Every structure is written in structure tokens, then in C-alpha cells.
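Input: a single structure, listed below in C-alpha cells.
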């Protein structure tokens, strides 16, 4: 059963944060432990009175998310002043699957516009994130681009439409390069046999994350959101709701 939260606004509540994405964002229960989506960790970076609702779901592209009525569920809950964070491309890239595949400068950006329109019609605010990189390394320790034209297509659309976009793809690549190939294994579902009951044979998955990786990706995102308010005044309430570890705090003048 999908874990779809109740989205009724509490009396006196200012705004809520809605998350739309794929398995790298989704909430995971004990049946997939230790897999952890960054959206599962993101509430750690929000002030106590700010609620987030994670609609991220394994295997979804912009196309299948809309087709299955998942955006319609968000549409039912959004209210003025809320924020809709949108992050897709892992499954939009699957050209062998017509039910999910979208062309980056075609249907993909048209679908992103539909997410934005859904937010705007309620007086809510869309925020776009490019996808987290896959863990892969060249011999020189650099991380290759793993999402083709999709990050650039999202950034072009968001900027042309006047919406903020955070390039998590580039930020996550830089992080993996800084931390290094061996140490970043702990970030992903890449581990030896015998460690976890759900995966006794081990796993070699460099797309989906364990808690340390999800925390780092949520932190990257939260730090950039904390800066948004300075450039996009409508996003200042969201920026002000971000809490960061002391060693990661940004200058207050950036908010």
C-alpha cells in the first residue's frame, strides 16, 4: 500500500512542503531497509512547525506519476503559500519503457510545466531539483554525468518560466568526488552479503541510498533552499524554515 499522508492544514499552520519524485526521494519502510530516500530525511532540516508530505514513489517518471493520479492527489491538498518540490529524471530516461520515457526537451519539460501549473493555481510555489547523480567514477576520481540532457532541460525550463531550480545533480557529483570512491559506498545500497536481513546476498546498487547518503543529499538541498529567499522573495518563508547543523550554517544575509 502507498504511504500517502493526510494533507489537511492544521489551524494556524503557515505552509506545508509537498515532495514529488521517484525512489531517490521516497519514504521507505522496514521491508526495504536500509534503503532511505532523501525526502525521508528532509524533515530533519525543517523547523518543528513546518510539515512535509512525501509523495515520492519508486520507479515513477514525470509521465507515470501524472498518469497514476499522484499529481492529482497533491492537487487535492495544496493550499495558498505551500511549496511543491519536484525532482524527476531517473525513470524519464528509460527509453525502453513507453509508459515512463519522456524526451528531455519535449514531454519531460511539458510535464514539469504541469507540476508548476498545479502549484500556481492554488497560490503555491514550485521548486525544481535536478536528479541526484549515480555513483560511478572515472579512473581519475571524477564522477561522470549520468542523466544526459535532463538536468539541463529542467534548468532551462525553470529559468525560462521564472521558477527556482537547484542543480542537485552537479552538487551531488561534486560531493562524491570530494569524498571519494571507497568512502561513498556507504552512501548507497552497495554492500557485502550478510549485513542486512532484507538483502542477505548483499547488493551492488549505486542509485538508491542508505541513511548516510540520504542525509547528505537532504543537506545539500536544504543548504540551497536556505539561500533561495534572497533571490526569490516568495520563497523566503521556506528558506527561513530551514535548520542546518552548526558547522553547515550559512550567513544570515544569504537568506
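Placing pseudo-labels 7 Å out from each Cα toward the beta carbon at residue 114 and residue 249 gives an inter-label distance of 4.4 nm.
Tell me, what does the Kirkwood hydrodynamic radius of the stretch 100-141 come to in angstroms if you use every pair of distinct C-alpha atoms? After inverting the mean inverse Cα-Cα distance, the result is 12.8 Å.
Between residue 68 and residue 29, what FRET efficiency follows from the Cβ-Cβ distance if R0 is 30 Å, with the result rounded to 0.05? Once the sixth-power term is evaluated, E becomes 0.95.
Stretching residue 231 away from residue 193 to a fully extended chain increases their span by 8.9 nm, per 0.36 nm per residue minus the current alpha-carbon distance. P(r) tail for the stretch 167-248: Cα pairs beyond 14 Å make up 69% of the total. Expressed in Å, the radius of gyration and Dmax of the Cα atoms of the stretch 16-254 are 17.3, 50. Between residue 149 and residue 11, the FRET efficiency estimated from the beta carbon spacing at R0 = 45 angstrom works out to 0.50.
A compact globular protein would have a Cα radius of gyration near 2.2 N^0.38 Å; the ratio found for the stretch 13-83 is 1.15.
Averaging 1/r over every pair of different alpha carbons in the stretch 1-158 and inverting the result gives a Kirkwood radius of 16.3 Å.
Grouping the Cα pair distances of the stretch 15-54 into 5 Å bins from zero gives a pair-distance distribution of 6, 24, 30, 20, 14, 5, 1 percent in increasing distance order. Each peptide among 53-62, 182-191, 111-120, 92-101 gets the average number of other Cβ atoms lying within 10 Å of its residues, and from highest to lowest they stand as 53-62, 111-120, 182-191, 92-101. With both labels modelled 7 Å from their Cα along Cα-to-Cβ, the residue 204 to residue 174 distance reads 3.2 nm. From its DSSP helices (H runs of at least four residues, each -39,500 (n - 2.57)), the chain gives a residue-normalised ellipticity at 222 nm of -9500 deg cm²/dmol.
Here, each number is a calculation from the coordinates, and none is a lab measurement. Keep in mind that this is a model prediction, so the values were computed, not measured. Positions of Cβ are generated from backbone atoms using ideal geometry, with glycine treated the same way; all protein chains shown enter the neighbour counts.
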